[in-house]
1. Which FRET efficiency, nearest 0.05, do residue 509 and residue 190 yield, Cβ-Cβ r, R0 41 Å?
2. At R0 = 30 Å, how high is the FRET efficiency between residue 235 and residue 417 if r is their beta carbon distance? Nearest 0.05 is fine.
3. Quick check: residue separation of residue 439 and residue 59 times 0.36 nm, minus the Cα distance between them. What number comes out in nm?
4. Compute and list, largest first, the equivalent-ellipsoid semi-axes of the stretch 110-260 from the alpha carbon gyration tensor, each √(5λ) rounded to a whole angstrom.
5. Using a simple spin-label model with points 7 Å from Cα along the Cα→Cβ vector, what separation in nm is obtained for residue 248 and residue 50?
6. How much length, in nm to one decimal, is gained on full extension between residue 68 and residue 128, taken as 0.36 nm per residue of separation minus their Cα-Cα distance?
7. Evaluate E = 1/(1 + (r/R0)^6) for residue 29 and residue 104, where r is the Cβ-Cβ distance and R0 equals 25 Å; express this FRET efficiency to the nearest 0.05.
């Protein structure tokens, strides 16, 4: 079947005649037939025995064909644009029509329209090279980006000076190449990134003022929107190259290398890094130092509500569970057999509110924030009059914090080494509100912001472990055929052991399994 289709393609190629429109349609028929034959062959699975060297060459040839057909389509666009028939359907611009007609992103359509016009008006040599397959879309994009001003277009068309004099076979002096021809010659000598840098350098030399104008235009367009929406904040904006590079560098520095067990995507880790960057600025007082109150996150919550949420109890007094989950059990009335509906008395409670937001603060976020924060007591009278304002007290004081940092040195999660500047002090073994745990060095551990959230929301427990004692790993490998497995014994560490070692924090998931750091090479070996 494949051979018959290929024969039909060859026969059709010899019979092309008539006007340009019919020839164009005939060429498309040949392309469709050839593409159908190729896809049938690939889908058949008959390529399993084809040598890799052959496949490599074929895929390279296919890419060149893609480049040439893409160049042919770009060359057609200016003619279609000039005809104006696209405006009959009410489109506001040719690019808008192209995006809708071809079902592509508007940015893609804008770029292709610009490149098509550049090939027609300023880059004749590039047009010929692209149609011949000598250069690809990346080269066309770079050169079209250089043909943005009249001065640069003139430089692309003018002869390049300072090159060695060349002679033809008859001894006649050869005219120097134009700027465009010179750049195209470099495309064969440099990889795409280096070629793009060379083109940008050429454009800058040809019209340096254009870069200044472009930067001023970018500054005028620069904006950053942070809008509160359903379930979070929506971020959008545009930054200059300078500001964008500075922000990206800072985010990459904070992101660092992911831990072996970190399954977040790069964009998720970058979002966390943006929050970490803001927290670093606020925690260390790098902004707002002259204000009466240093800017930070403020949460308003009644004392009863704070105690209830941190202790994980239902508004009617029932326990919602102590596994560190999301704590949403209080949303319904626990005394109703079907659990549906909301008791009216629950609506009169004052939930925790994050300043600047529009809704209650999730329980898990409140637990994490309250673990290492400053708390100010404010007493209101029945008419909302302020009766008393207590002194702000931090749950983990400066001296204690320095001691915990000296002992832990970095995030204590297995395999994580985030520095103390990006960590919070977590009440490790007993929560300060839920378990009435004391605020002490023996009950405090450094956790980075990410792993603090993991511990507080995934039912993970922590315990200081001294070498030579029983571990949770021992308990997790015990015989599970018995009905009840005895609790592992945890000897109380001495103050010196808890503060200065030689032990360490051990993490256990909600199933009783010890969480260990496994480097990538160990995981592969396993």
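1. Working: r = 52 Å, r/R0 = 1.27.
Once the sixth-power term is evaluated, E becomes 0.20.
2. Details: r = 28 Å, r/R0 = 0.95.
The computed FRET efficiency comes out at 0.60.
3. Working: separation 380, 0.36 × 380 = 136.80 nm, distance 6.45 nm.
Separation in residues times 0.36 nm, less the Cα-Cα distance, equals 130.3 nm.
4. Numbers: eigenvalues 310, 66, 50 Å².
Working through the eigenvalues yields semi-axes of 39, 18, 16 Å.
5. 3.6 nm
6. Details: separation 60, 0.36 × 60 = 21.60 nm, distance 1.01 nm.
Here the segment from residue 68 to residue 128 would lengthen by 20.6 nm.
7. On the way: r = 24 Å, r/R0 = 0.96.
About 0.55, to the nearest 0.05.
No lab work stands behind these numbers, since they all come straight from the coordinates. Not measured: the values here are computed from a predicted model. Counting neighbours? That spans all protein chains shown, and the Cβs are built from the backbone with ideal geometry, glycine included.
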